[in-house]
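Values quoted throughout were computed directly from the atomic coordinates according to the rules given, and no laboratory measurement underlies them. Computed from a prediction, not measured in an experiment: that's the story for all the values here. Every residue, glycine among them, receives a Cβ derived from its backbone with ideal geometry; neighbour counts consider all protein chains shown.
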Amino acid sequence: MSILVDEKTTFLVQGITGREAVNLTRECLDYGSKIVGGVTPGRAGRDVYGVPVYDCVRDVVKHHGPVQGSVIAVPPGFTRDAAFEAIENGIRLIVVVTENIPRQEVAQMVELATLRGARIIGPNCLGLITPGECKMGGIGGPAANTRQAYTRGPVAIMSRSGGMTTEIASTLTAAGLGQSTAVSIGGDAIIGTTYAELMPLFEADPETKAIAIYSEPGGRMEAELAEWVVAHESRLPIVAFMAGRFMDEMKGMRFGHAGTIVEGKEDTTAAKIERMEKAGISVAERIEEIPKLIQKRLAEKR
């Protein structure tokens, strides 16, 4: 099994004729993902690598029937409308790769998704992948690189960094630990789906036996994760890598992503590590330590 996407998942690409969208469309198709259509207003009748282009999401659904997902790769000023259009046309999984979207508009997107029973991954993310079955977004890069980095297995990945999602997967694969589903959740201050919100899905997936996490300073996501793990007595061993230890004395400094501004003591790396360890989450000092820590935790569980 897996979470969110599998070999049967169909999706469309909004903004498909843009440069980034053209690249991710090719990469997803080469990997075997099922892209049924694309949307660029005024470009109907064209195609991108054989994927037909339509003027709106409604037309894609009309011609191809219900579609499970959408990858949104449009400029920041149009992202909210694109998300609203997808949600109101029955799309229930929306990956937003666009960055620099105003926080208020992201909040509105997430609120509408919640009201309609949809889920947003991102924004400012590379998407998600179930190895060997489907990838949505630019995660992993070209198909050949993706197949080399991601292999099927028992370890889930959640990461605030798109690139580090693949770095962790590659490290796990080299150690003989495949992945169930990997999710690049996004690096902005407001995102559609947090660690804690993904936990029930992985908890219910019998294939997932452990979770690897890449985290950063700033925000409350790690605190929410720790609280969830304790409150629900999670069955899954979790190993986290916390970046940005040098930021602990640099209040107000941004580390890579918009969501990593340290605003107070609880946002610092040291505080997050302490909180996670109290919840039973192992914290690796280096990425290459993650496989051994996971193997150790799995052995202890057995």
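For the range 271-285, 3J(HN,Hα) computed residue by residue from phi via the Karplus equation (6.51, -1.76, 1.60; θ = phi - 60°) reads 5, 5, 4, 4, 5, 5, 5, 5, 8, x, 8, 6, 10, 7, 7 Hz, glycine and proline entered as x.
Return a whole-number percent for the relative contact order of the chain, with Cα pairs under 8 Å and 6 or more residues apart as the contact set.
14
Multiplying the residue separation of Glu99 and Asp81 by 0.36 nm and subtracting their alpha-carbon distance yields 5.0 nm.
Cβ crowding within 10 Å ranks Val95, Val51, Val155 as Val51, Val155, Val95, fewest other Cβ atoms first. Residue order for Ser234, Ser180, fewest other beta carbons within 10 angstrom first, comes to Ser234, Ser180.
In this structure the amide hydrogen of Gly37, modeled in the peptide plane, comes within under 5 Å of the amide hydrogens of Val13, none closer than 5 places in sequence on its chain. When every Cα-Cα distance of the chain is counted in 10 angstrom steps from zero, the calculated P(r) takes the values 7, 29, 35, 22, 7, 1 percent. Taking amide hydrogens as placed 1.01 Å from N in the peptide plane, the amide H of Ile139 sits under 5 Å from those of Leu128, each at least 5 positions away in sequence or on another chain.
I'd like the GluC sites (Glu not before Pro) in the range 100-171 restricted to DSSP loop residues with at most 16 other Cβ atoms within 10 Å, sorted by number.
Sites meeting the loop and neighbour criteria: none at all.
Cross-link partners for Lys272 among the lysines, with Cα-Cα distance under 19 Å and sequence neighbours closer than 8 places in the same chain left out: Lys251.
Note on Glu288 and Glu20: their simple-model spin labels are 3.2 nm apart, each label 7 Å out from Cα toward Cβ.
Residue exposure proxy: Phe84, Phe11, ordered by other Cβ atoms within 10 angstrom of their Cβ from fewest to most, comes out as Phe84, Phe11.
In this label model, Ala174 and Val230 are separated by 3.5 nm, measuring between points 7 Å along each Cα→Cβ vector. Here the Karplus curve 6.51 cos²θ - 1.76 cosθ + 1.60, taken at θ = phi - 60°, turns the phi angles of the range 132-140 into couplings of x, 10, 7, 10, 10, x, x, 4, x Hz, with x standing for Gly and Pro. With R₀ set to 22 Å, the beta-carbon distance separating Ala204 from Ala270 gives a calculated FRET efficiency near 0.10. Residue by residue, the range 24-30 carries 3J(HN,Hα) couplings of 5, 4, 4, 5, 5, 4, 4 Hz when phi is fed to the Karplus relation 6.51 cos²θ - 1.76 cosθ + 1.60 (θ = phi - 60°); x denotes Gly or Pro.
Determine the dipole magnitude for the range 1-82: charges of +1 sit on the beta-carbon of Lys and Arg, -1 on that of Asp and Glu, nothing else is charged, the reference point is the Cα centre, and the result goes in debye to the nearest 20.
On the way: 9 positive and 9 negative charges, 38 e Å.
Dipole about the Cα centre, nearest 20: 180 debye.
Centre-to-centre, using Cα atoms only, the range 205-220 and the range 1-49 are separated by 27 Å. Placing +1 on each Lys and Arg Cβ and -1 on each Asp and Glu Cβ, with no other charges, gives the range 10-301 a dipole about its Cα centre of roughly 500 debye. For Arg119, the residues whose amide H sits under 5 Å from its own are Leu93, Ile94, ignoring neighbours fewer than 5 places away on the same chain, with H placed 1.01 Å from N.
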